[in-house]
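Reviewing the structure listed below.
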Amino acid sequence: MEIKFIDFKIIGDERGGLIALEENLSIPFDIKRVYYIFDNKNGIRRGLHTHKKLRQVLISISGSCKILLDDGIKRTDILLDSKDKGLLVEPFIWHEMYDFSPDSILMVLASDFYDESDYIRSYQDFIKIVRK
Ligand code: T46
């Protein structure tokens, strides 16, 4: 499985830092939705699903968290702890988020609006589809 990170340019000056995210430039799709995940309780795991069509870029804009990516053959754990790095998560990659630091804010840019029918939330169903 290829892990795709996107490095964002930090536009810093003596006042501080700034990062701009632009659709079809630094983000490789039209951005239809932005959401962020925060105030996670200790020890919880989120995600535990894959998408059929949705493309997403995950950015840890505060603190850190870990992401498990699974393509049905290989599983990889990634630490996301940098505002200037995005993790591209493509369709049919099972993903889980865990080990959130208390100050973690995980921002997600998504290629489409929220649609529950785009989710596969059963790991068994996911494995059946990707190993066909
Ligand atoms: C993903 C990972 C990285 C909405 O109503 N609108 C939204 O845009 C989203 C993202 C969620 N919801 C509702 C659906 C559920 O009733 O919010 C509730 C929690 O969603 P979920 O359990 O899917 O949240 P996570 O953190 O497990 O997963 C989220 C995204 O849903 C998912 O697409 O890839 O973050």
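When you count, for each residue, the other Cβ atoms within 10 Å and take the mean per peptide, how do 113-123, 7-17, 81-91 rank with the highest first?
Peptide ranking by packing, descending: 81-91, 113-123, 7-17.
Please give the length that would be gained between K83 and R121 if that part of the chain were fully extended, namely 0.36 nm times their separation in residues minus their C-alpha to C-alpha distance (nm, one decimal).
Extending this stretch completely gives an extra 10.9 nm.
Taking R0 as 30 Å, what FRET efficiency do you get between D7 and I129 from their Cβ-Cβ distance, rounded to the nearest 0.05?
Efficiency, rounded to the nearest 0.05: 0.40.
May I ask you to derive the relative contact order of the stretch 9-132, considering only C-alpha pairs under 8 Å and at least 6 residues apart, and to give it as an integer percent?
Reported as a whole number, the value is 34 percent.
Return the distance in nm (one decimal) between the two label points of a simple spin-label model at K66 and K52, each offset 7 Å from Cα along Cα→Cβ.
3.2 nm
Just so you know, all these numbers are worked out from the coordinates, no wet-lab data involved. The model shown is predicted, which means the values in this text are computed figures rather than measured ones. A quick note on method: Cβ atoms are made from the backbone with ideal geometry, for glycine too, and the neighbour counts reach across all protein chains shown.
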